[in-house]
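What follows is a set of notes on a single structure, which appears directly below.
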Amino acid sequence: MATLSVGHATTDLSSGAVSALLVFLRPELGLSFTEVAAVILASTLASSVVQPVFGLLSDRRGAIWLLPGGVAVSGVGIALAAVAPSYLLVLLCVLASGVGIAAYHPEASKFASFVSGDRRASGMSLFSIGGNIGFALGPLLTSSLVLWLGLEGGLLLAVPAVVMAASFLWLSRYLLEFEPARRGGLQLTAGEDRRGALSLLLTIIALRSVGHMGLFTFVPLWEVEQGSDEGAGSRVLTLFLVGGAIGTLVGGPIADRIGRRVVVSGSLALSIPLIGVYVLVGGGGGVVALTCAGAMLVSSFAVTIVMSQDYLPTRVGLASGLAIGFAIGLGGVAAIILGSVADAIDLRIAMLATMSGPVLGALLTFVLPSSRRPMEQRVLEAPA
């Protein structure tokens with residue numbers, strides 16, 4: 001789990017770097033808000049829409065090579081984006097990085113499920129916390145490198161990815177020992193597929209992503225518009241992402257105790273007023289509210305991965321790819337729409353519009369069926 005979580009951190013560091021990098025590339029290349037959002041969309045779609053394809057490959061044949069390959073491509077791609085001389089080349093480099101991210105997640109989350117034992121939401125939280133930490137460190141590391149060395153400093157973002165890829169090559173034989181077939185059982189893939197329930201869950205994940213990706217895209221630019229410098233904008237974004245990491249670590253164990261749907265519904269509902277406080281009140285209290293909003297929005301991330309795997313137990317890799325990738329990618333579509341709103345009206349309205357996703361998502365959780373398997377339900381209902 002430690003290996004998979006550190007790999008998750010390294011991969012998602014590249015994803016987290018995109019927004020902070022755009023703060024510096026926007027004046028350098030003369031980009032509009034819509035063009036900035038289009039880069040975010042390219043990154044999000046590349047890292048999400050193709051994840052189910054990698055998940056299918058993982059389910060049918062096994063593809064542990066996706067772990068080192070995905071990490072390496074994600075880091076090298078975003079490093080080259082920092083020094084790309086044109087908007088088109090930035091898009092291409094970000095797309096390549098996104099494909100690397102997409103390659104890593106289904107295979108890694110499948111192995112995380114294998115090693116989690118009975119408390120799968122808690123185990124998936126340990127895996128997911130790595131991604132959230134990497135996502136949070138991405139803006140801080142990127143802005144620090146660029147402020148120190150200029151855009152060429154962004155090339156150093158490739159270093160941790162290459163080191164982690166080498167580590168996976170060395171540890172791949174050890175990781176293969178955790179595959180169920182090698183341990184003599186297929187318990188993690190037992191059960192019947194519930195595609196209708198999975199479709200509803202993916203809709204909720206996509207709506208959650210409207211809030212998360214909208215804030216991720218525009219928080220640094222909002223801070224600059226409010227009078228802060230680029231470094232301060234990246235630090236505020238880092239606090240938002242650190243809040244998400246803390247929420248992920250706490251959300252899984254809580255879901256194992258009180259139920260997964262409760263965590264998903266409650267976290268979405270609580271994020272709504274917190275976003276409003278950040279945008280409308282601002283100041284130190286607004287930053288605290290944004291940090292808490294990050295915790296709420298992301299606290300159900302690991303929980304919804306486990307739920308997707310339980311709704312589609314015969315295709316764990318595909319379920320993971322859909323939950324982590326395809327549904328979240330729709331948040332990137334929302335980001336470009338919000339960018340158009342910011343250009344046509346103003347950024348404040350776009351920031352407030354990020355609340356629409358959590359509102360609708362929270363309402364849909366009331367008709368979401370339980371994802372727990374019969375054995376899990378019996379354990380949950382048994383007296384202490």
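Do we find a residue being small (G, A, S), assigned to a helix (DSSP H, G or I) and in contact (Cβ under 8 Å) with a residue 24 or more places away in the chain anywhere in the stretch 24-34? Walk me through it before giving the result.
Keep residues of the stretch 24-34 that are small (G, A, S), which gives 30, 32.
With the extra rule that they be assigned to a helix (DSSP H, G or I), the set shrinks to none.
No.
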**Report entry** Contacts under 7 angstrom Cβ, first residue in the stretch 255-276 being free of Cβ contacts under 8 Å to residues at least 24 places away in the same chain, partner assigned to a helix (DSSP H, G or I) and open to solvent by 10 Å² or more (accessible area, probe 1.4 Å), 6 or more apart
**Finding:** L274/C292; L274/M296
Report summary line: Among residues of the stretch 52-105 being of a type in the set (S, T, N, Q) and touching a Ser or Thr at 6+ places or on another chain (Cβ under 8 Å), the residue farthest from S32 (Cα to Cα) is S74
Query raised in the report: Among all residue pairs at least 6 apart or on different chains, which show Cβ distances below 6 Å where the first residue, located in the stretch 312-330, is closer than 22 Å to V210 by Cβ and open to solvent by less than 10 Å² (accessible area, probe 1.4 Å) and the second is modelled with pLDDT of 80 or more and not in a helix (DSSP H, G or I)?
Result: A319/L312
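Tell me the residue from S234, S271 that is of a type in the set (G, A, S) and modelled with pLDDT of 90 or more, please.
Details: S234 fails: modelled with pLDDT of 90 or more.
Residue meeting the stated conditions: S271.
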Query raised in the report: Conditions: (1) touching a Cys at 6+ places or on another chain (Cβ under 9 Å); (2) open to solvent by less than 20 Å² (accessible area, probe 1.4 Å). L270 meets all but one. Number of the miss?
Result: (2)
Report task. For the stretch 193-221, enumerate the residues that are over 18 Å from V303 (Cα atoms) and open to solvent by less than 10 Å² (accessible area, probe 1.4 Å). Result -> G214, L215, F216, T217, F218, V219, P220
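Of all residues being touching an Asp or Glu at 6+ places or on another chain (Cβ under 7 Å) and surrounded by fewer than 19 Cβ atoms within 10 Å (Cβ to Cβ) in the stretch 27-44, which is nearest to S15 (Cα to Cα)? Just the residue, please. Please lay out each step first, then the result.
We begin by selecting, within the stretch 27-44, every residue touching an Asp or Glu at 6+ places or on another chain (Cβ under 7 Å); these are 32-34.
Next cut, surrounded by fewer than 19 Cβ atoms within 10 Å (Cβ to Cβ) only: 32, 34.
Working: S32: 21, T34: 19 Å.
The qualifying residue nearest to S15 (Cα to Cα) is T34.
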**Report entry** Verdict on T248 being among the polar types (S, T, N, Q), on the phi < 0 side of the Ramachandran plot, surrounded by fewer than 19 Cβ atoms within 10 Å (Cβ to Cβ) and in contact with a helix residue (DSSP H, G or I) (Cβ under 9 Å, 6 or more places away or on another chain)
**Finding:** no
**Report entry** When residues of the stretch 283-300 are limited to those that are touching a residue at least 24 places away in the same chain (Cβ under 8 Å) and not small (G, A, S), the one surrounded by the most Cβ atoms within 10 Å (Cβ to Cβ)
**Finding:** L297
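Does F135 count as out of contact with any Phe, Trp or Tyr (no Cβ under 7 Å at 6 or more places or on another chain) and modelled with pLDDT of 85 or more?
Details: out of contact with any Phe, Trp or Tyr (no Cβ under 7 Å at 6 or more places or on another chain): yes; modelled with pLDDT of 85 or more: no.
So F135 does not fit the description; no.
Open to solvent by 50 Å² or more (accessible area, probe 1.4 Å), in contact (Cβ under 8 Å) with a residue 40 or more places away in the chain, farther than 27 Å from H8 by Cα and not hydroxyl-bearing (S, T, Y): does that describe L338? If you could, list the steps in order and put the result at the bottom.
Values: open to solvent by 50 Å² or more (accessible area, probe 1.4 Å): no; in contact (Cβ under 8 Å) with a residue 40 or more places away in the chain: yes; farther than 27 Å from H8 by Cα: yes; not hydroxyl-bearing (S, T, Y): yes.
So L338 does not fit the description; no.
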Query raised in the report: For the stretch 58-87, which residues satisfy the criterion of being free of Cβ contacts under 8 Å to residues at least 40 places away in the same chain and either of a type in the set (D, E, K, R) or closer than 17 Å to L318 by Cβ (or both)?
Result: R60, R61
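The values are calculated or read from the model by the stated rules, or taken from the named source; none is laboratory data. Because the structure is predicted, anything quoted here is derived from the model rather than measured. Cβ sites come from the backbone with ideal geometry, for glycine too, and all protein chains shown count toward neighbours. Ligands, DNA and RNA are stripped out before the accessible areas are found, and what is left, the full protein with its side chains, is counted by its heavy atoms. Shrake-Rupley method; radii C 1.70, N 1.55, O 1.52, S 1.80 Å.
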